[in-house]
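One structure is given below, encoded as structure tokens.
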Amino acid sequence: MTEDLGGGDLSRLRQLNALAVIRTLRGEPGLTVTEISRRTGLSRASTEDVVRELLGRGWVVETEPTAGTVGRPARRYRFRADAGHVLGVDIGGHKILAIVADLDGEPRHSRRVAVTPEMGRRQRLAAVDRTVKECLAGAGLTASDMWATGVSTTGLVDGTGRVMLSDALPEWTGVDLAAHLGRIVAGPIMVENDCKLAALAESWRGVARYAKDVVFLLAGLRTGTGLIIDGKLHRGFANAAGEIGALPVAGWIRAQEQLKSWPGQPSGASGASGAAGTAGDPDSMAAELFAAARNGDRRAASAVRRYVKDLAVGASALVLTLDPELVVVGGGFSRSADLIVEPLRRELDRWCIRTPEVRVSAFADEGVALGAVRLALDHVEQALKGGGQLASPEGFPRG
């Protein structure tokens, strides 16, 4: 960090002291100056000075005194979560979803724009721009108000924010999402694979928040996975951990093909891209198939069984490798969990030494965008610990 907290009028030491106080107050309902001083190691005089400055800047507010307190209560202060904001963006085949959240991760506004898998790079990026701008406008914020931005995408992503490989979207391999988003929002931009961010969301606020080792299965028009190991998102050496679907014998390449054997499904869809069909709305057609299976259509039920068997091959390989505490099923097909979870559990029983608990995501199709929010918040928290840069409207250094 190279700029001063107050726009150039504070010394480097003063800035570090302010960051120490912010780190201490985050997540606390309210602390006294004495408590802040003790936790930060600053002198009381320095603490009072910093708290006064942060009050003036709007980063800190005084809390209401506790009811029933005898005598004059000591003043307590808390960090304002709405002093800054982060942005999460999910760039998918069928939608672009943007969420603005405060520094506690509470969503403040969201915007969704429908797209199609056939869109080229230029069209999809234009939809991203429109979604982000409309989301910020709806939240009453500007591009410069974002402290950090997390972005999700299909495919493999390198450490710079560039898509290394994407079979699901045309003209998407090679797109530099970090550079593109950097033209429309301020601050650092982190880009990650959508399945990994869905797993991160489950570990943060979903059904996996109390589990340390998790396999997240994206069950939908594409099949993918995200891995949580020892409570942390596992990326691997080249950010390709969990890409077991690239192995044909794992079954995930042909899993969606099984659904097209039902008479209601069109032929000619691309299994490699993970689409269930190209004629009409694939989501609607998949929903029709699951509804038919639920209503006793034997051919639809058979197609679902074959799909689950293929899904279970790759899932079993991951379970045998990682021995996770939990398997979470998410993605569009999780809405038909009543047809998927029990058959999947039985298949895991067949192949695995120990079958973990299998649970269903409650995030529907917002999990990936929430994971992108968490990715941005992780960067903010690391920067507040002195390990990175931030962007903010009130003098924190811009990345």
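The values are calculated or read from the model by the stated rules, or taken from the named source; none is laboratory data. All values derive from a computational prediction rather than experimental measurement. Positions of Cβ are backbone-derived with ideal geometry, glycine not excepted, and every protein chain shown enters the neighbour counts. Surface accessibility is based on the protein's heavy atoms, side chains included, excluding ligands, DNA and RNA. Shrake-Rupley method; radii C 1.70, N 1.55, O 1.52, S 1.80 Å.
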_Mean-position separation - Cα centroids, the range 112-191 and the range 29-46, in angstrom_ = 41 Å
*Given a 1.4 Å probe and every protein chain left where it sits, what share in percent of the accessible area of the chain is carbon and sulfur?*
50 percent
*If you keep only loop residues by DSSP, which chymotrypsin sites (Phe, Trp or Tyr not before Pro) in the range 187-230 have at most 10 other Cβ atoms within 10 Å of their Cβ?*
Tyr210
_Antiparallel bridge percentage (DSSP; both residues within the range 101-203; nearest 5)_ = 45 percent
*Report the residue, chosen from His85, His379, His94, that carries the largest GNM mean-square fluctuation when the chain is represented by alpha-carbon nodes joined by springs under 10 Å.*
His94
_lysines whose Cα lies under 19 Å from that of Lys260, excluding same-chain neighbours fewer than 8 positions away_ = Lys309
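Heavy-atom accessible area per residue, the chain, 1.4 Å probe: how many Å²?
Working: 17480 Å² over 399 residues.
Averaged over the residues of the chain, the accessible area is 44 Å².
Mind giving me the FRET efficiency for Asn295 and Trp351? R0 is 30 Å, r the Cβ-Cβ distance, nearest 0.05 is fine.
Values: r = 30 Å, r/R0 = 1.00.
The formula returns an efficiency of 0.50 here.
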*Of Val313, Val249, Val207, which has the largest mean-square fluctuation in a 10 Å C-alpha GNM of the chain?*
Val249
*Around Val61: net Lys/Arg minus Asp/Glu count, Cβ-Cβ under 12 Å*: +2
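Based solely on its DSSP helices, what 222 nm [θ] is calculated for the chain when runs of n ≥ 4 H residues each add -39,500 (n - 2.57) and the sum is averaged over all residues, nearest 500 deg cm²/dmol? Could you put the intermediate results ahead of the total?
On the way: 11 runs with 150 residues, N = 399.
For the chain, the value works out to -12000 deg cm²/dmol.
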*the chain: most fluctuating residue of Gly245, Gly140, Gly226 per GNM, C-alpha cutoff 10 Å*: Gly140
_Taking the chain and dividing mean pair separation by its residue count, relative contact order in percent (alpha carbons under 8 Å, at least six apart)_ = 18 percent
*asked:* Treating only the Cα positions of the chain as identical point scatterers, give the base-10 log of I(q)/I(0) from the Debye formula at each q in 0.06, 0.11, 0.13 Å⁻¹.
replied: -0.28, -0.82, -1.05
*Show which lysines lie in cross-link reach of Lys232 when reach means a straight Cα distance below 16 angstrom and same-chain residues fewer than eight apart are skipped.*
Lys196, Lys212
*May I ask what percent, to the nearest 5, of DSSP beta bridges between residues of the chain are antiparallel?*
60 percent
*Hey, with R₀ at 41 Å, roughly what FRET efficiency would Arg112 and Thr63 work out to, going by the Cβ-Cβ distance, to 0.05?*
0.70
*Quick one: which residues, 5 or more positions from Arg76 or on another chain, have an amide H under 5 Å from its amide H? H modelled 1.01 Å from N in the peptide plane, none for Pro or chain starts.*
Thr63
*Which whole-angstrom value gives the distance between the alpha carbon centres of the range 302-362 and the range 365-382?*
25 Å
